[in-house]
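> Have a look at the structure that comes next, please.
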Amino acid sequence: MRTIAKITIVALCLAPAMAHAEKLSLNQLSGYLNQLTSAKGAFTQINPDNTLSKGSFMLKRPGRMRFEYAQPNPALVVASTGQVAIFDKKSSAGPQGFPIGRTPLGIILKKNVNLKTSGIVVAHIEDGPTTKVTAQDPKRPKNGTIQLIFTANPIELRQWIVTDQSGQKTTVVLGELNKTVHLSEGLFDIEQIAIDLGQVSGN
């Protein structure tokens, strides 16, 4: 599994272009994220133990995100209305929930992303064909960091790496994003999803 994970990351970095690319500015990257109002695509998740999970990813900014994991993983993760809900589709119990402010993903789900805001960006580097930005909530640094990895021409978000307070890393590698897709509000309605799954909403 560790070899597969490394191959996946290397392929991602090499696929867009072999040439050296100029570092994208924080203004450029903020502008890209702010215009990314709706998107859908496949993802591969590399877990802290180097196992892999796959599925489909949906984003509706501001504030909404959904990860549908492929079988045999029964998980469904939905972010909406300031909360993150983790469903086990094989369970009759309600989802586990916590405030989105406890995860650095909240940084990119804001209505107006400004990576130049004081204290958010702790690293901004050029790495071959990619630009990497590491960000954290300056008010909640113990919640961990998120490293966003972009390619250029055109600017695309290719992956992110979330590092939690214990140093555990989870990498999400994104496939090609459909940015013209219409996503209904019901896809992010945590209470309705719980009802549809026959579960009791809440912790």
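> Return the only residue of 163, 134, 117 being over 20 Å from residue 66 (Cα atoms) and in contact with a strand residue (DSSP E or B) (Cβ under 6 Å, 6 or more places away or on another chain). Lay out the reasoning, then the answer.
On the way: 163 fails: over 20 Å from residue 66 (Cα atoms); 117 fails: in contact with a strand residue (DSSP E or B) (Cβ under 6 Å, 6 or more places away or on another chain).
Only one candidate qualifies: 134.
> Separate question: Say we look at the range 141-152 and pick out the residues that are in contact with a helix residue (DSSP H, G or I) (Cβ under 9 Å, 6 or more places away or on another chain) and not in a strand (DSSP E or B); which of these is surrounded by the fewest Cβ atoms within 10 Å (Cβ to Cβ)?
152
> I would also like to ask the following. Given the criterion closer than 15 Å to residue 33 by Cβ and under 14 Å from the mean Cα position of the chain (by Cα), identify the matching residue among 110, 116, 169. Before the answer, list the steps.
On the way: 116 fails: under 14 Å from the mean Cα position of the chain (by Cα); 169 fails: closer than 15 Å to residue 33 by Cβ.
Result of the check over 110, 116, 169: 110.
> Sticking with this structure for a sec: Given the conditions (1) modelled with pLDDT of 95 or more; (2) among the polar types (S, T, N, Q); (3) closer than 26 Å to residue 102 by Cα, and given that residue 81 satisfies all but one, which numbered condition is not satisfied?
(1)
> Let me ask another. Identify, by number, the condition in (1) under 22 Å from residue 182 (Cβ atoms); (2) in contact with a helix residue (DSSP H, G or I) (Cβ under 7 Å, 6 or more places away or on another chain); (3) surrounded by fewer than 13 Cβ atoms within 10 Å (Cβ to Cβ) that residue 80 doesn't meet.
(3)
> Check whether at least one residue in the range 65-74 is surrounded by fewer than 16 Cβ atoms within 10 Å (Cβ to Cβ) and at pLDDT 95 or above, and report yes or no.
yes
> Answer yes if at least one residue in the range 18-27 is closer than 16 Å to residue 129 by Cβ and at pLDDT below 50, and no otherwise.
Among the residues of the range 18-27, at least one is closer than 16 Å to residue 129 by Cβ and at pLDDT below 50, which makes the answer yes.
> Run residue 113 past the list (1) part of a loop (DSSP other than H, G, I, E, B); (2) modelled with pLDDT under 90; (3) not charged (D, E, K, R) and report the number of the one that doesn't hold.
Just one mismatch for residue 113, condition (2).
> Taking the options 44, 51, name whichever one is surrounded by fewer than 16 Cβ atoms within 10 Å (Cβ to Cβ) and farther than 14 Å from residue 197 by Cβ. Reasoning before the result, please.
Numbers: 44 fails: surrounded by fewer than 16 Cβ atoms within 10 Å (Cβ to Cβ).
51 is the lone residue from the list that is surrounded by fewer than 16 Cβ atoms within 10 Å (Cβ to Cβ) and farther than 14 Å from residue 197 by Cβ.
> Next question. Hey, can you tell me all the residues within the range 128-160 that are within 14 Å of residue 108 (Cβ to Cβ) and of a type in the set (Ser, Thr, Tyr)?
Listed by number, the residues that qualify are 134, 145.
Matching residues to (1) part of a loop (DSSP other than H, G, I, E, B); (2) among the hydrophobic types (A, V, I, L, M, F, W, C); (3) surrounded by 13 or more Cβ atoms within 10 Å (Cβ to Cβ):
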| site | (1), (2), (3) |
| --- | --- |
| 118 | yes, no, no |
| 123 | no, yes, no |
| 132 | no, no, yes |
| 139 | yes, no, no |
| 161 | no, yes, yes |
| 171 | no, no, yes |
| 186 | no, no, no |
| 195 | no, yes, no |
| 199 | yes, no, yes |
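The values are calculated or read from the model by the stated rules, or taken from the named source; none is laboratory data. Keep in mind it's a predicted model, so treat the numbers as computed, not measured. Methodologically, a virtual Cβ is constructed for each residue, glycine included, from the backbone with ideal geometry; neighbour enumeration extends over all protein chains shown.
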